[in-house]
Amino acid sequence: MQITSIDDLQKAKGTGLNQLYPDKPKILVGMATCGRAAGAQRVYDLLHKKAQQEHWDGVVEKTGCIGFCYKEPLVDAIFPGKPRITYGEVTPEIAGALWEELAAGRIPEKQIMARLDMDDMVLNGGPRKFFKGKLKGFLAKTPRYEDLDFFKLQRHIAMRNCGFIDPDNLLHYIARGGYFPLYTTLTTMTPEEVINVVTFAGLRGRGGGGFPTGVKWASCRKAQGWPKYVLCNADEGDPGAYMDRSLIEGDPHAILEGMLIGAYAIGSSEGYIYVRAEYPLAVKTLQRAILSAREAGLLGENIFGTGFNFDIKLNLGGGAFVCGESTALMASIEGKPGEPRAKYVHTVDKGLWNRPSNLNNVETWANVPVIIGKGADWYRDIGTEGSKGTKIFSLVGQVKNVGLVEVPMGVSIKDLVMQVGGGVPENREFKAIQIGGPSGGCIPKEHWDLPIDFDSLWDAGAIMGSGGMIVMDNSTCMVDVAKFFLDFLIDESCGKCIPCRLGLKRMREILEEFSAGKGSLADLDEMESLSEAVKDGSLCALGGSAPNPVLTTLRYFREEYEAHILQQKCPAAVCKELITYTINPELCNGCTACVAECPQDAITGDKKKPHSLDTSLCIKCGACFEVCKFGAVAVA
Amino acid sequence: MSVTFKALENILEHYPPSSEHLISALQDVQAKFKYLPPEAMTAVCDHLGVPLSRGWAVATFYKTFSLEPQGEHDVAVCLGTACHVRGAHNVYEKFRRELEITGQEGTTRDLKFSLRQVRCLGCCSMAPVAQVDEEIHGNLSQRKAGHLLRTYRTR
C-alpha cells in the first residue's frame, strides 16, 4: 500500500485499527528476545497451530515486550467488549489449557496478572475504552495495570507501542498515531520550527551523555558540507542494558519516524542505523521495518509528495563496546577499526566520511514523534527542571520484579527499587545500585532518595548512561564489582591511548591484590591517582569515564576495601582467595547431592550421615552451595 | 566447509569494490565459514581494493570475527553485569571444566563446542544466561549448565 497523502494515511489508520481491535477475539504473545528466551516461540506456535486446526474465528498475533520480563512468557487476551487480560508465566504446557478456555470464549482466572481497561493511545487523540459498564466477578477484582506496584509509577512514551502492536505491521504503527507527526512536520513546519520544538521540549540524549538534542540538530543544520548524515546508535553495549533492543523489537517504526523528522530538520537525505549484531531479532525487525516503510513510500524519494527524500541503511556492529562512542561508530561504518578520534572538530561538522553527521540513540529517536505529535509543552510537563520526559531503565540484578520500566525523570532510586522492582529477593538487604554501565557508578543506600535525572546522578559520581540499572544486595562484593568493570574495560579499550590501555591494567592488578587479601592502604591512594591519570589522559569517553566504577565504590564502600586489605576478609563472601566453604554437620542430612556435583571429589561421607569437605582439594566453585537444599553448606 | 572460489564469489558479488564494505563482507565470510580463513581474507581485500593489513586490523579489532575454526555448537555465556551479580562466573567455570578448555575461551578437541564469553545478550531478566547457537537458555546454575551440554552432546 502506497502512502503519499493524508487520505492514504487516514485510510491506513482505519485499516490498522480494525486489525488492532477487530470484532473478534485476539490473542497476543510477547515475542521479543526476552519472551523467546522464556519459551514464547513454542507458546506462539502452539496457539497459532490450534487456531488454524480448529478454524478459530479469531486472531493470534505476536507483539513486543511490555516490560514485565519477570513474568515471561506473556499472553494477552483481547475480547471485544471486555478488558484486555494479561496472563503471565504461560509456559507451553499451560498454553494448551489456556487455549481450551479462550477458544471456547471464556476468560480463565488462572495465571491472570492484570487487566487493562483502556488503551491510552499516547499519540492518537485520547484513550480507547475496551468496554462499557461495570465489571463483574473475578474480573472486577483483577488488578488493573495501573494498580500494580510495577506499573504505578510508569509512563510509557518511548515504549508507547511495545506490547500493543505487531512490530512487523506498519498499519498497526499508523493506527496508533504513527507517521502523522511526520506528515505534520513535512507539510506544516519549517526545519527551524522542528528544531525549536525539540529544543523547547527539553529532550536530552538518552544514550548516556544527556546532550540537548535540539542543540545538536541546530549545529548540524548550520554545518557546511554535503551530504549530511543522520545516524542512529543501536550498538547497545552496556552490559545490563537492553532498552534499545526492546524498543527495536517492539516498535521499529518509531525509530524510523524519529530519524525522518530529524533528517528533515537537519537537511539530510541519508541515514544509517548501526545495530549490534548480537541482537539477531532486532536486526531482522529493523530490516523488515525499513523494507515496509520503503514499499509504502515513507522512506525513499518525494515522501508525502513534499519533495523530501530520505533513506536508511543498516550497518551491523562488530561487537566492540567502544563503537558506541560517536567517532568510533563512524569509523566502523566506514569499514575501519573502531578507534575514536579527538573531537576538537565535532562530528556535527565533520563526522562520517568527514561530512556533517548527527548521531542520536534509539530511545532519543523514539521520543521525537511524540514531541512533534503532542507538542513541546505537553512533553515539558513530564520530568524535572533539567531533565524532561521519561527514561527507560532495565531494572535487573538482585531485584524481584526484573524488567523494563519507563518512568518520568525525577523518580527516586528507592521508589524504583522498592516499589517498581518490589525490593530485593529472599529478604536480603539492598546494598547499592549500579547505573550507567561501565562508565557509571555504584550508588549506595544512603543516597537512594536521589531523584534520577541527568544532573543529580552526575553529582553522585554516576551517569544516567543508557539506562542499565543493576540492583546489588549484600551478596555482592564491591571490590569484585570494580574488578568486573575493569576486566570489561580492559577488554574493550581500543588501545589507542596509553593511560587507558595500561593504566586500567595496572588498576586491575592492584584490585587483584586486594581481593587476595594483599596490598596496603597506600595502594588505595595509588588507585585514586591512577584513576585521575586515566580520566585526564584518554581521548574518548570510554577511557575518560573508565575509573568511575572504581572511584564510586571507593567513595561509598571504602570500609569494604579496607576489610579486604586489613582483615583479609570479603564481607560479601565472593572473593575466592578469602573465603572457605564448610559443611555444617548439624544441618547436613547426608543426601549426597553435593558429593555428586563436586568436580574435585572434595566432599566425602556416607548416605544419611553428615558429609565433610576437604578444604585442601576445594576450588571454591560453589557447586555444593548451589545444590544444597538444607542450607548446610556455609561460605564465609 | 572448505573454502571454494564459488562460495567466496557468492559473497563478494553483493559488494561493489569499495573499502566501506570491508566489515560487512567479512561478516558474511564469518557467517558462512564460522571463521575467517586466510584465503578468504585475501579474496575479500583484493576484491574491495583494501590492503591486506587493513583486513587483518579489522578482523582482530572486532569480536565478531574469529581467526580459528569454530566448533559445531557455539556456546556464548553472558558475563554482563546482571549475570555477574547472579553468579555467572561460577557458571562459566563449570562450562570450562566440562568442556576441558584450557584458556579463557576456546574450542573442544573434537570440534563439537566452542566456548566464549559475551557481555550482555540483553536477557538480563533471566540472568544468568547462555546462548547455544541461536537458542537462549536462562536462569542457569552450574547443574543446569551441565545438563545443557549433555543435551547438545547427544543431539
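The values are calculated or read from the model by the stated rules, or taken from the named source; none is laboratory data. Predicted, not measured: the structure shown is a model, and the values here were computed from it. Neighbour counts run over all protein chains shown; Cβ positions are idealised from the backbone, glycine included. Just so you know, the surface numbers come from the protein's heavy atoms only, side chains and all, with ligands and any DNA or RNA stripped out. Shrake-Rupley method; radii C 1.70, N 1.55, O 1.52, S 1.80 Å.
Are there helices (runs of 4 or more DSSP H) fully within segment B:42-112 with at least 1 residues that are more than 11 Å from every other protein chain (Cβ to nearest Cβ)? List them.
Where helices (runs of 4 or more DSSP H) fall fully within segment B:42-112 and carry at least 1 residues being more than 11 Å from every other protein chain (Cβ to nearest Cβ), they are B:52-61, B:88-99.
Which of the residues spanning segment A:152-210 are within 30 Å of residue A:385 (Cβ to Cβ), surrounded by 21 or more Cβ atoms within 10 Å (Cβ to Cβ) and of a type in the set (Lys, Arg)?
A:160, A:204, A:206
Restricting attention to segment B:134-155, which residues are assigned to a helix (DSSP H, G or I) and not β-branched (Val, Ile, Thr)?
If the condition is that a residue be assigned to a helix (DSSP H, G or I) and not β-branched (Val, Ile, Thr), then B:142, B:143, B:144, B:145, B:146, B:147, B:148, B:149, B:150, B:152, B:153 are the ones that fit.
Quick check on my filter: what residues within segment A:551-565 are at pLDDT below 95 and either among the hydrophobic types (A, V, I, L, M, F, W, C) or touching an Asp or Glu at 6+ places or on another chain (Cβ under 6 Å) (or both)?
A:551, A:554
I need the full set of residues from segment A:296-323 which are closer than 17 Å to residue A:183 by Cβ, in a loop (DSSP other than H, G, I, E, B) and not hydroxyl-bearing (Ser, Thr, Tyr), in order please.
A:296, A:297, A:298, A:299, A:304, A:305, A:307 - these are the residues of segment A:296-323 that are closer than 17 Å to residue A:183 by Cβ, in a loop (DSSP other than H, G, I, E, B) and not hydroxyl-bearing (Ser, Thr, Tyr).
Quick check on residue A:481: is it β-branched (Val, Ile, Thr), closer than 28 Å to residue A:122 by Cβ, open to solvent by less than 20 Å² (accessible area, probe 1.4 Å) and within 14 Å of chain B (Cβ to nearest Cβ)?
No; evaluated as a whole, the condition is false for this residue.
Which condition number does residue A:332 fail, the rest of (1) open to solvent by 10 Å² or more (accessible area, probe 1.4 Å); (2) among the polar types (S, T, N, Q); (3) farther than 27 Å from residue A:182 by Cα being met?
Unmet condition: (1).
Condition (residue is more than 12 Å from chain B (Cβ to nearest Cβ), outside any helix (DSSP H, G or I) and not hydroxyl-bearing (Ser, Thr, Tyr)) applied to segment A:280-295: is it met by at least one residue?
No, segment A:280-295 contains no residue that is more than 12 Å from chain B (Cβ to nearest Cβ), outside any helix (DSSP H, G or I) and not hydroxyl-bearing (Ser, Thr, Tyr).
Does any residue of segment A:335-345 turn out to be buried (at least 19 other Cβ atoms within 10 Å of the Cβ), closer than 22 Å to residue A:250 by Cα and either among the small types (Gly, Ala, Ser) or in contact with an Asp or Glu (Cβ under 8 Å, 6 or more places away or on another chain) (or both)?
Keep residues of segment A:335-345 that are buried (at least 19 other Cβ atoms within 10 Å of the Cβ), which gives A:335-340.
Within this subset, residues satisfying the condition of being closer than 22 Å to residue A:250 by Cα are none.
Looking through segment A:335-345, none of the residues is buried (at least 19 other Cβ atoms within 10 Å of the Cβ), closer than 22 Å to residue A:250 by Cα and either among the small types (Gly, Ala, Ser) or in contact with an Asp or Glu (Cβ under 8 Å, 6 or more places away or on another chain) (or both).
Applying the selection to segment A:270-279, what residues are part of a strand (DSSP E or B), closer than 17 Å to residue B:23 by Cβ and not aliphatic (A, V, I, L, M)?
Within segment A:270-279, A:272, A:274 meet the criteria.
Give the residues of segment A:381-402 that are in a strand (DSSP E or B) and facing another protein chain (nearest Cβ under 10 Å), sorted by residue number.
Within segment A:381-402, A:394, A:395, A:396, A:397 meet the criteria.
Take segment A:1-32 and flag every residue that is β-branched (Val, Ile, Thr) and open to solvent by 20 Å² or more (accessible area, probe 1.4 Å).
The first filter runs over segment A:1-32 and keeps only residues β-branched (Val, Ile, Thr), leaving A:3-4, A:6, A:15, A:27, A:29.
Correct list: A:4, A:6, A:15.
Having 1 or more residues that are in contact with a strand residue (DSSP E or B) (Cβ under 6 Å, 6 or more places away or on another chain) is the bar; report the helices (runs of 4 or more DSSP H) wholly within segment A:538-627 that clear it.
The helices (runs of 4 or more DSSP H) meeting that bar are A:548-556, A:593-597, A:623-627.
So which pairs qualify, if the first residue must be in segment B:125-153 and of a type in the set (Val, Ile, Thr), the second must be assigned to a helix (DSSP H, G or I) and open to solvent by 10 Å² or more (accessible area, probe 1.4 Å), the Cβ gap must be under 8 Å, and the two must be at least 6 apart or on different chains?
Listed pairs, sorted by first residue: B:129/A:37; B:132/B:148; B:136/A:33; B:136/A:36; B:136/A:37; B:136/B:126.
What is the number of the single condition among (1) in contact with a Phe, Trp or Tyr (Cβ under 9 Å, 6 or more places away or on another chain); (2) touching a residue at least 24 places away in the same chain (Cβ under 8 Å); (3) of a type in the set (A, V, I, L, M, F, W, C); (4) in the same structural domain as residue A:64 (by TED's automatic domain parsing) that residue A:170 does not meet?
(4)
Restricting to segment B:1-38, give me the number of residues that are without any contact (Cβ under 8 Å) to a residue 24 or more places away in the chain, open to solvent by 70 Å² or more (accessible area, probe 1.4 Å) and either in contact with a Phe, Trp or Tyr (Cβ under 7 Å, 6 or more places away or on another chain) or within 12 Å of chain A (Cβ to nearest Cβ) (or both).
1
Among the candidates A:363, A:325, A:301, which residue alone is assigned by TED's automatic domain parsing to the domain that holds residue A:243, charged (D, E, K, R), open to solvent by less than 10 Å² (accessible area, probe 1.4 Å) and closer than 29 Å to residue A:199 by Cα?
On the way: A:325 fails: open to solvent by less than 10 Å² (accessible area, probe 1.4 Å); A:301 fails: open to solvent by less than 10 Å² (accessible area, probe 1.4 Å).
Matching residue, one of A:363, A:325, A:301: A:363.
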